[in-house]
Every structure is written in C-alpha cells, then in structure tokens.
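For reference, the structure discussed in these notes is given below.
Rule-based calculations on the coordinates, nothing more; no lab input. All figures in this text were calculated on a predicted structure; none of them were measured in a lab. Reconstructed Cβ throughout: ideal geometry from the backbone, glycine too, with neighbour counts over all protein chains shown.
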Ligand SMILES: Cc1cc2nc3c(=O)[nH]c(=O)nc-3n(C[C@H](O)[C@H](O)[C@H](O)COP(=O)(O)O)c2cc1C
C-alpha cells in the first residue's frame with residue numbers, strides 16, 4: 001500500500017465529504033421525502049430511490065436526504081420538500097421519478113424553483 | 001491510491017446513518033446486539049442500500065445507554081433494547097416518524113427532547129478533545145482523516161521546526177491532564193534539550209483512579225487523535241520511539257488502539273519517512289502491570305523496563321533520564337489528544353478557552369449520586385454547580401447534594417458552599433482538593449463524610465507500594481483512626497493526630513501517592529468537621545451510615561402494620577400484630593437496612 005502524502009489527506013477527506021455532511025447533519029440543502037402510509041402507498045419509495053440514484057450519479061456531497069411522516073395532504077402524494085440553506089422550504093406534490101430528477105437538477109443543484117410542480121413556498125407555522 | 005482495509009465505503013450514497021455507541025458502557029448494555037438486530041431488520045426491509053449502521057466510540061451519556069444517534073436528523077435515541085428495533089425501523093426509517101417513546105426525557109420534565117443538540121447534558125459541553133466523539137467509527141482511519149485528522153501532523157512536518165511546535169504548545173497554555181498539571185510545552189522543551197543517546201515518549205494510559213474513564217473513552221472513541229498528538233510530540237522532542245502504557249483492564253480500548261496503529265502504519269503515518277518528510281516515528285503498546293502506583297511516571301518507566309513498579313527519587317526527572325536512561329517525555333492520554341487541535345487551530349484560540357492559569361477544556365467522568373452519569377468535556381473555569389446540576393441533571397430521588405469529590409482517591413471533597421467555584425488547577429488546590437485526572441464523584445445526603453475518607457484511605461493503604469515508611473505506615477495509621485471513629489471509638493484527640501499524620505505522610509513520601517493521600521482526610525475535616533465531631537462526641541453518624549452509631553426504629557405514627565418489613569427482616573426480629581405499629585428489637589438488630597428498603601411508608605427511621 002502506497003504511503004500517503006499530505007495531498008492524499010485532502011483527497012481522502014474529499015472522497016468522504018458526502019458522509020461527513022450526513023454525519024454532521026448540516027448540508028447546503030435538505031430534501032425531505034414524505035413517507036407516511038399515504039406517501040408510501042402513492043410511491044414515495046420510488047422517489048427516494050430516484051433521489052439516491054441521482055445523488056450518486058452527480059456525485060453530490062453536500063445535500064442531506066431525509067424522510068418525514070405524512071405532510072397532511074394525502075391526496076397530493078408523493079411529496080417532497082426542498083430546503084436550500086437560508087431559503088424558505090418549497091413543497092413539491094404529485095411527484096414521479098422524472099419530476100423528481102428534474103427538481104433535483106434545477107432546484108437542488110441549480111437553485112431554481114420548479115414552479116410547475118411546486119405547491120407552495122414556505123411551510124405551516126410550527127406553533 | 002489503492003483502497004485498503006483502512007478506508008470505509010464512502011463512495012456509496014446513504015440517506016441516513018444510525019450511529020450506535022460502542023463505548024464500554026453501552027457495549028456492556030448490549031449495543032453490539034442492537035447493532036446486529038438493526039442491520040438484520042434493515043436488510044430484511046430492503047433498506048440496506050439506503051441506510052447504514054455505524055459503531056462509534058463512547059458518546060458520553062452513559063446513564064442512558066445503549067444510545068444511538070440518527071443522522072442527518074440529529075435524533076437521540078436511548079435505553080434501546082433489541083425489541084425496539086422493528087418499531088424503530090418501521091416508524092423512523094420507513095415512515096419518517098421519529099419514535100418518541102425511545103427518546104430522552106429530562107429528570108425534572110415530562111416532555112421528550114428529540115434532538116441531541118437540545119439536550120442539556122450535551123448542550124453545555126465544549127468538545128475539543130472529544131471533537132470526534134460519536135461522529136466517527138474509531139476503527140476507520142479515513143473517518144478520522146475526513147474530519148481533518150492528521151492535518152496537524154502534516155502541517156508540522158511540512159512547515160514547522162521542532163522549536164516552533166514547542167513554542168505553540170507553550171503559548172497554548174496546555175498543562176498535563178494526568179494529575180499534576182505541569183505545563184506540557186515546557187516539559188517537551190526540557191526533553192528536547194536533554195543530552196542523550198536517543199529519546200522516547202510515553203503515553204500514560206494507566207488510568208488507575210477508581211471510577212474514572214476519561215482516558216479509556218478517548219482511546220475508544222478517537223484513538224488516532226492520541227497517535228497524531230504523539231507523532232507531533234515526537235517530532236518536536238526529537239524522539240523516534242514511543243510507548244502507550246495502557247491499563248490491562250481496557251480490552252476494547254487496547255483493541256482499537258492496535259487497529260489504529262496498524263492503519264496508521266499502513267498509510268505511512270507511523271513508521272519510516274512519515275508523509276514523505278524524512279521524519280520517522282513508531283510506537284509500541286505495553287499492557288500495564290495492574291497496580292495504582294504504575295501510573296506514577298517513574299514506576300511506569302520501571303514497569304516498562306521489566307522491573308517492579310516502584311517510584312524513585314526525582315531528580316533526575318524522566319525528561320533527563322527516563323526509559324533505559326534516555327530522556328523521556330511522558331504525558332497523559334488527554335494531554336496528547338489536545339495536541340492536534342492546538343496545532344490546527346492555533347495557540348491563541350486554545351488559550352482563549354479557560355481561566356488565567358488553566359487553559360482549554362477538561363474531560364470529567366461524572367459518577368455517583370447524579371442523574372446523568374457519563375463523560376463530559378467542559379471549558380476550564382466552569383463551576384461545579386454547572387457540571388453537577390446543569391449537565392449532570394442534579395441529584396436523583398429528590399435527595400440533597402452533599403459534596404463532590406474530585407481528583408481520584410487522593411483528591412478532596414468540595415461542599416455545597418463552594419459549588420460556584422470556577423474549576424481550575426489552582427482553585428481546586430486552594431479548597432483542599434486537586435484536579436487529578438478528572439474523576440468527579442457526586443455524593444448526596446446519605447453519604448457519611450468520615451466513612452468516605454476511610455474508604456479512600458483504605459484504597460490508598462492497599463495501593464501504597466510500601467517503599468516509603470511514611471506512606472506505608474502513615475496511611476494505614478490514618479485509616480485505622482478513621483475506622484475507629486466510624487466504629488464509635490473516636491477520641492477528641494484523634495482529630496489533631498490525623499492532622500499530624502497527614503503532614504508527615506505528605507512531606508516524607510517520595511511520590512504523589514503519599515504526597516496527596518491525606519487530601520481525603522484533610523478536606524473532609526476542613527469542610528465537614530461537624531460530622532467528625534458528631535461521630536466522636538455524640539457517637540452519632542448524621543448520615544446514618546456507620547453501623548456502630550445508628551439504630552433502626554419504627555415510627556409508630558407512620559407504620560401501618562403491613563408486615564412487609566417483618567417478612568423481609570433476615571433476623572426475624574421485627575415484631576407486632578398485623579395492622580398495628582411494629583417494633584424492632586434493637587439489641588438483636590444487625591442494621592442491614594432491609595426493613596427500611598422494604599417499607600412503603602417511610603416509617604423506618606435511622607438515628
Ligand atoms: C500514584 C500516582 C498515580 C498516577 N496515575 C496516573 C495515571 O493513571 N495516568 C496518568 O496520566 N498520570 C498518572 N499519574 C501522574 C504521572 O506521574 C505523570 O505526572 C503524568 O503521566 C504526566 O503526564 P501529564 O503531564 O500529561 O499529566 C500518577 C501519579 C501518581 C503519583
């Protein structure tokens with residue numbers, strides 16, 4: 001096994017960055033897939049799988065992917081929420097895999113809200 | 001660069017990680033079983049491509065173990081069992097609904113606190129030494145490197161002279177965490193300047209204080225931090241060899257240390273020509289010989305050389321003549337683990353934490369009569385009150401705080417009136433205690449301070465190596481007096497006699513074992529003199545601990561005659577009719593306390 005040089009340390013850290021982001025629970029963006037019973041029935045698992053695949057393909061290392069329960073809007077599932085750092089969250093509804101990929105590329109990576117699929121900007125008051 | 005056993009599969013995308021604590025405490029609470037059950041369930045539910053289980057070192061909140069952190073959500077799960085696993089996977093992993101009933105509820109509240117970052121125990125800590133705790137798998141060097149690991153070593157080897165490194169450590173104000181608090185940079189400088197044929201460094205991981213587990217947890221959760229600190233120290237001092245002298249009773253720490261050393265060697269971070277710099281350093285692990293005194297530096301060196309671990313006269317100090325006569329720099333585990341951060345973030349940053357004389361943070365193991373037992377890291381200068389009440393969550397069962405014992409068996413007890421004292425080396429000395437290596441034992445109203453002093457002296461008596469007469473005989477004599485006082489045979493002159501013995505023992509013993517052994521007696525005499533007087537003059541033990549001085553009695557007003565105590569009494573000496581107050585035959589009573597424990601009406605009194 002080749003011995004490391006100082007630059008190799010950076011290389012290893014870079015390769016590990018996706019994991020570091022996940023571990024620290026703080027990324028540039030957070031994507032939440034709503035996985036209540038309704039969401040799962042409507043195909044939320046496929047949305048999750050599509051997201052994981054596109055993250056892997058793009059080599060994205062600063063986005064956190066999480067799940068949450070039912071968002072209370074069962075008829076519009078599958079749903080996901082995209083939250084860029086320092087921006088209000090955006091909810092997307094009636095998703096399929098293609099829409100999901102487009103939202104990921106345009107909004108999560110490109111910073112542009114895909115208003116065609118968006119339900120609303122912002123979320124309900126918490127209390 | 002080839003993939004090795006040392007690297008983890010970082011190329012794969014996971015959406016969540018379950019960081020399960022695999023420190024000694026949680027492991028003994030079956031955390032490995034929970035990990036296995038989680039992995040099986042995740043596989044069975046077809047989530048193994050999305051979610052991964054990671055084992056980390058000690059996360060500190062040992063009271064709530066086994067614990068697990070769910071990332072990226074930051075949810076803190078506690079007191080897990082294998083039976084909880086299916087629910088957890090179904091609810092949180094599949095449906096995205098964190099499971100409330102597995103979350104933490106603070107002792108005084110009734111609402112769950114889902115996030116680790118909101119729990120008081122964690123919120124008030126300042127992690128410097130434990131910066132990677134719970135965040136990395138200690139058996140994977142890449143995870144350490146991902147969090148800036150070995151960058152400080154690279155910085156030192158590529159751009160700093162040995163003298164510059166020593167200057168930084170001096171300027172940081174770092175002092176030895178093994179007990180005496182000697183300035184680390186000065187020690188390094190002395191060893192560097194010493195004449196000698198080869199130099200060596202030692203990491204003292206003997207951790208002999210009963211109940212203390214700071215060093216064990218550091219090694220278990222982040223072994224590379226210690227190795228990196230040692231490599232930096234070796235470069236600064238000019239040493240080619242190092243030793244880690246580790247307590248035999250720490251199998252998990254030892255195993256992780258060996259794995260870490262192997263991985264570091266594989267990456268060329270130990271061995272010849274480290275990081276292509278031309279600097280070479282390697283180290284060996286040595287298992288401790290098992291006596292408390294082995295942690296004392298000159299005994300430790302004797303033990304490493306294969307001799308009987310007995311302290312010797314200093315000077316010469318190890319820095320002048322240590323292992324095999326070589327100039328030897330010995331530092332504690334926590335001291336070494338501070339070094340990489342100091343180099344990375346700078347002396348000024350480090351010195352901004354803490355008090356005038358004591359910089360940085362200190363890791364404490366908090367045990368005893370306190371709600372949140374565990375491992376905490378706090379800035380120097382924090383008050384004892386903050387540690388015991390804010391982080392520690394106060395005293396269980398609504399009892400009153402009485403004292404906190406710091407500094408290990410030869411430390412002292414601090415009373416309630418001094419709880420607001422900012423903690424640093426000097427202030428603890430002023431009140432008759434010591435920092436020691438960081439053990440904190442919290443005591444409540446049911447603790448007898450004379451008995452506690454006797455207990456520690458008993459430990460020290462059996463751990464004295466016997467070389468110095470004052471230590472060997474003096475500690476035993478002090479112990480016997482304390483035992484007499486507890487047995488109701490105390491005489492008024494005993495108090496002065498204890499004072500005289502204390503002086504002789506601490507003045508005329510070679511090492512700090514004898515030097516500090518009187519602390520438990522002197523500090524309790526100073527802060528709890530009334531308890532000594534009650535024992536000696538009134539033949540009473542106010543805390544109700546010393547059996548010779550107490551009697552058990554049943555309060556006729558409270559007793560309902562339920563007969564629970566009557567049935568529980570091993571001597572069958574509690575008598576009376578059912579539904580009528582009972583009485584204890586005090587002559588025949590062996591004072592075991594079973595009646596008191598069995599009573600549901602607090603009717604059994606100790607006087
Ligand atoms: C009886 C006795 C036991 C000791 N046990 C330990 C120990 O377990 N671990 C430790 O680091 N230092 C222990 N010390 C302190 C060491 O002698 C030494 O001061 C220390 O390892 C130096 O490292 P530091 O400057 O980093 O604190 C002990 C000292 C005495 C007198």
Calculate, in whole percent, how much of the Cα-Cα pair population of the stretch B:551-606 lies beyond 20 Å.
7
From fewest to most C-beta neighbours within 10 Å, the residues B:235, B:267 line up as B:235, B:267
Residue A:109 to residue A:46: FRET efficiency via 1/(1 + (r/R0)^6), r the Cβ-Cβ distance, R0 25 Å, to the nearest 0.05?
0.75
DSSP bridge pairs, the stretch B:16-118: antiparallel proportion in percent, nearest 5
60
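How much of the DSSP bridge set in the protein assembly as shown is antiparallel, in percent, rounded to the nearest 5?
Values: 45 of 78 bridges.
Percentage antiparallel, nearest 5: 60.
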In degrees, nearest 10, the alpha-carbon axis of helix A:6-15 is tilted away from the dominant principal axis of the alpha carbons of chain A by 20
Efficiency by 1/(1 + (r/R0)^6): what FRET value for residue B:312 and residue B:572, r their Cβ-Cβ distance, R0 = 51 Å, to the nearest 0.05?
0.30
For q = 0.07 Å⁻¹, what log10 I(q)/I(0) does the protein assembly as shown give under the Debye formula with an equal point scatterer on each alpha carbon and no solvent?
-0.59
Quick one: if the Förster radius is 51 Å, what FRET efficiency do residue B:548 and residue B:508 give, using the C-beta to C-beta distance and rounding to 0.05?
0.95
Once the Cα atoms of helix A:44-58 and of chain A are each reduced to a long axis, what angle between those two axes, in degrees from 0 to 90 to the nearest 10, is obtained?
30
Subtract the Cα-Cα distance of residue B:530 and residue B:101 from 0.36 nm times their separation in residues, and report this length gain in nm to one decimal.
149.8 nm
For chain A, set up a Gaussian network in which alpha carbons nearer than 10 Å are linked by springs, and say which option among A:17, A:46, A:57 fluctuates the most.
A:57
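What Kirkwood radius, in Å to one decimal, follows from the Cα pairs of the stretch B:93-191?
Numbers: mean 1/r = 0.0563 Å⁻¹.
Here the Kirkwood hydrodynamic radius works out to 17.8 Å.
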Could you sort B:327-336, A:33-42, B:254-263 so that the peptide with the highest average Cβ count within 10 Å comes first and the rest follow in order?
B:327-336, A:33-42, B:254-263
Simple spin-label estimate for residue B:193/residue B:158, 7 Å along Cα→Cβ, in nm, reads 3.2
Relative contact order of the stretch A:28-121: what whole-number percent is it, with Cα pairs under 8 angstrom and at least 6 residues apart?
34
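Relative to 2.2 N^0.38 Å, what does the C-alpha radius of gyration of the stretch B:361-444 come to as a ratio? Two decimals please.
Working: Rg = 11.2 Å, N = 84, 2.2 N^0.38 = 11.8 Å.
For the stretch B:361-444, the normalised Cα radius of gyration is 0.95.
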Could you order the peptides B:450-456, B:353-359 from most to least packed, using the average number of other C-beta atoms within 10 Å per residue?
B:450-456, B:353-359
Dividing the alpha-carbon radius of gyration of chain B by 2.2 N^0.38 Å (N being the number of residues), what value is obtained?
1.06
By the C-alpha gyration tensor axes a ≥ b ≥ c (rounded if a/c is under 1.5, else prolate when a/b exceeds b/c, else oblate), the shape of the stretch B:396-470 is oblate
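Please work out the ratio of the alpha-carbon Rg of the stretch B:16-118 to 2.2 N^0.38 Å and round it to two decimals.
On the way: Rg = 12.7 Å, N = 103, 2.2 N^0.38 = 12.8 Å.
Computed over Cα atoms of the stretch B:16-118, the ratio equals 0.99.
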With the crude spin-label approximation of a point 7 Å out along Cα→Cβ, what separation in nm comes out for residue A:101 versus residue B:473?
8.9
